[in-house]
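This is the structure I have questions about; it appears just below.
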Amino acid sequence: MSAQTAADIEPRRLALNALAAADGEALASAWAAWSDKPAFKGVRGPETGLVMVRGRAGGGGAPFNLGEATVSRATVRLDTGEIGHGYCLGRDLDKARLIAVFDALFQREPAAIEARVLAPLRASATTADNKRRQETAATKVNFFTMVRGDN
């Protein structure tokens, strides 16, 4: 296996980030629309477990255990040899498997996955984020203090 640089890893990291943040139904729709579905075998899972969520007091202080979060994970191998991994919060095992499949496909066909899966997912996430920001901004209250002049 060849050594990978940070520049080689970054596109895959961003792809996995978008896949994990996506809705499970959106991933299922993207998979249903994928015309040339590859054959794959499960290497691990999908399975559900717990991870410890850690925090830092004040953002930079000593780390502490905040609590546990449920995580689903899966690993698949395409018949062409690529291995994909999928992790997501919650108990959606199908979502974890689809993330792993799209991760493996991203290693083989990055441009196709970017155009047909990741770009629509990112656009949908941006739209949802903008809507949430607008709804939050509508509830903003501006407080101000008036100086009374009787120092």
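The values are calculated or read from the model by the stated rules, or taken from the named source; none is laboratory data. Computed from a predicted structure; not experimentally measured. So basically every Cβ, Gly included, is an ideal-geometry build from the backbone, and we count neighbours across all protein chains shown.
State all residues of the stretch 15-46 that are without any contact (Cβ under 8 Å) to a residue 60 or more places away in the chain, in a helix (DSSP H, G or I) and surrounded by 10 or more Cβ atoms within 10 Å (Cβ to Cβ); if no residue qualifies, say none.
Asn17, Glu25, Ser29
Mind listing whichever residues of the stretch 69-86 are within 20 Å of Ile9 (Cβ to Cβ) and among the hydroxyl-bearing types (Ser, Thr, Tyr)?
Thr75
So is Ala20 modelled with pLDDT of 90 or more and closer than 19 Å to Ala125 by Cα or not?
Taking the combined requirement at face value, the residue satisfies it.
Is the stretch 127-150 home to any residue that is at pLDDT below 90 and touching a helix residue (DSSP H, G or I) at 6+ places or on another chain (Cβ under 9 Å)?
Scanning the stretch 127-150, I find no residue that is at pLDDT below 90 and touching a helix residue (DSSP H, G or I) at 6+ places or on another chain (Cβ under 9 Å), so the answer is no.
Residues Arg91, Arg97, Arg122: which one is under 19 Å from Leu19 (Cα atoms) and part of a loop (DSSP other than H, G, I, E, B)?
Sole residue among the options that is under 19 Å from Leu19 (Cα atoms) and part of a loop (DSSP other than H, G, I, E, B): Arg91.
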